[in-house]
Each structure stands twice: as structure tokens, then as C-alpha cells.
1. When Lys and Arg each count +1 and Asp and Glu each count -1, what net charge do the other residues less than 11 Å away from residue 7, Cβ to Cβ, add up to?
2. Using helices alone, I'd like the mean residue ellipticity at 222 nm for the chain: each DSSP H run of four-plus residues gives -39500 (n - 2.57), total over residue count, nearest 500.
3. For residue 120, what residues show an amide H to amide H distance below 5 Å, using hydrogens built from the backbone and excluding near sequence neighbours?
4. Hey, what angle do you get for helix 198-208 against the long axis of the chain, alpha-carbon based, 0 to 90 degrees rounded to 10?
5. Take the Cα pairs of the chain, get the Kirkwood Rh, then feed it into Stokes-Einstein at 10 °C and 1.306 mPa s and tell me D in µm²/s.
6. Past 29 Å, Cα to Cα, is the threshold; run 51/157; 18/53; 105/173 against it and keep the listed order.
Amino acid sequence: MADLQQLADAVISGQAPKVEELTTEALDQGVSPTDVLNKGLIAGMQVVGVKFKNNEFYVPEVLIAARAMKAGMKILRPKLAESGIEPAGRFVIGTVTGDLHDIGKNLVSMMIEGAGYEVIDLGVDVAPNTFIEAVKDHQPVAIGMSALLTTTMVNMKKTIEAFENDGMRDQVKILVGGAPLTDDYAREIGADGYAPDAASAVELLEQFNS
Ligand code: B1M
């Protein structure tokens, strides 16, 4: 019988080919796609999140684990679609106008995907209106904005104001993060939450979605 703990361990240690092999094996043996997702891939990424938070893992290990998880998701996604299993919710993410830094954003994006959400990644240099259109199109649980420059973090405020001006502010939770940000700044600009790291972003999203 397929060992889902072994699959979780392969995600944690970032072994993409092994994750592919174990995901295929589990499905072939009749394990449900939901169990493969929750007890294998997501369980593995949860451990990665904890290790990252505790400084036991650094950025490269997280990126390698996320790549392994994605290798499993590629096999699993069509099976999940066939069995009509919905994602936990949708999450829209982007780096704000004028800012091209995307390493942190990509980490957050991968951890959130690892927690079972469908992630719509708008990329970098994302204009306020693009966030608004994405909310209209995808109705996410929340949007996430990333900024790495003191000169671009102000564009988070502008984006929130654009949501307010469009009468859309109460339709979505807004999560912000990035190295120059603080909890106080997030509060000051009217965000719903500030995540100092990728694991905290997952925790906040789970709170918004409960
Ligand atoms: Co730039 N850069 N950079 N840079 N760069 C910084 C940010 C800087 C601090 C370096 C420095 O001077 N010491 C400085 C900013 C200074 C300031 O504003 N006070 C700086 C500068 C000045 C610049 C340029 C202006 C340089 C120039 O051209 N003169 C320029 C700006 C370009 C632009 O954006 N318009 C620039 C360019 C670049 C590169 C293109 C060369 C490259 C980016 C490559 C890329 O992202 N694809 C780059 C890099 C790599 C950095 C540093 C070295 C590393 C950033 C990084 O990836 N960190 C950075 C210095 C540093 O931080 N040591 C620096 C790792 C990443 C995992 O952490 O992004 O903080 P971070 O993400 C964390 C959390 O913050 C949080 O979770 C992540 C994981 O834990 N998080 C979120 C992030 N986003 C979140 C969103 C959330 C929740 C949590 O919700 C949605």
C-alpha cells in the first residue's frame, strides 16, 4: 500500500522525481486524490513551512521542496479536476507597481499553493487596476501584495485606495508582505493582515478562509 508519509518526506527533502513516482504509485493503488494531496503533498509543505519559520530551512531548500511539490501537483491536478474536488479557495498575488522583486512573492505563492489553494500569480509591477480586475475575475479569498522597496511600498496604499474608490474594498481581504514592511505600516494603510514570511502568509489566509 502506498506510504503517504514517504511522499511527504520526499517533498520535504525536495526530491521531485521521487515525488512524481510516489504520487503516480499512490493513485495507481487507488488512494484518493484528496488523500494524496492532503496527507502527502500538503503535509510535506506544512513541515517545510515550519522548518522555514524556525530557520532550519532557508530559501533554497524551500524553493527545491516547492518544485518537488509542483511535480506531484502536475500529476494530481487532472485527477482532482476529474473527481470535482475544489481547491480550498483562490488567492491572487503580485508585486506592486514599480517593483520587480519576485523571489519572496514566489515563495509565498508556492507555500500557499502547497496549502491547497489555487494561486493566480499576476507577476511583478502589478498596477492597482490589475489587482481589481483579478478580484472581479477570480473572486479570491484574499489578495496578496509584495513590495521590497521603500519607494514602492506606498503603491500598496494606492492599490487599497483604488479598491476603496471602486467600491470593492469589502469584497476581499488584503494581505501585505515584503522586507521593508511592518505590522504598523500594514495597519496604517488599511490592509487586513501583514505576513513577515511565507508560513505566516499561509496562516493568515487560513484565518481569512475560516
Ligand atoms: Co533589489 N533591493 N533592487 N534586486 N534586492 C533590495 C530589496 C535592497 C534592500 C538591497 C540593498 O540595498 N541592501 C534594496 C532596497 C532598499 C530600499 O528600498 N530601502 C534594493 C534595491 C535598491 C534595488 C534596486 C533599486 C537596485 C538598482 O537598480 N539600483 C533595483 C530595483 C528594481 C525594481 O524593482 N524596480 C533592484 C533590483 C534587484 C534585482 C533585480 C537585481 C534582484 C531581484 C531579483 C528578483 O526578485 N527576481 C534584487 C535582489 C535579489 C535584492 C535582494 C538582494 C534580495 C531580495 C530577496 O529576494 N530576498 C535585496 C536585499 C536583501 O533583502 N538582502 C534587495 C529573499 C526573499 C525570500 O525575501 O523578498 O523579503 P523577501 O520575502 C520574504 C518576506 O519578506 C515575505 O515572505 C518572503 C519569504 O519569507 N514576503 C511576503 C515577501 N512578499 C510577501 C508578500 C506577502 C506575504 C509575505 O503577502 C502577499
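1. Within the 11 Å Cβ shell, the charges total -4.
2. On the way: 9 runs with 109 residues, N = 210.
So the calculated ellipticity at 222 nm is -16000 deg cm²/dmol.
3. HN-HN under 5 Å from residue 120: 91, 92, 93.
4. Value to nearest ten degrees: 80.
5. Values: Rh = 17.5 Å.
It diffuses with D of about 91 µm²/s by this estimate.
6. 51/157, as the Cα separations exceed 29 Å there.
The numbers here are math on the coordinates, done by the rules we state, and not lab data. Only a predicted model underlies this, so the values are computations on that prediction, with no experimental measurement involved. So basically every Cβ, Gly included, is an ideal-geometry build from the backbone, and we count neighbours across all protein chains shown.
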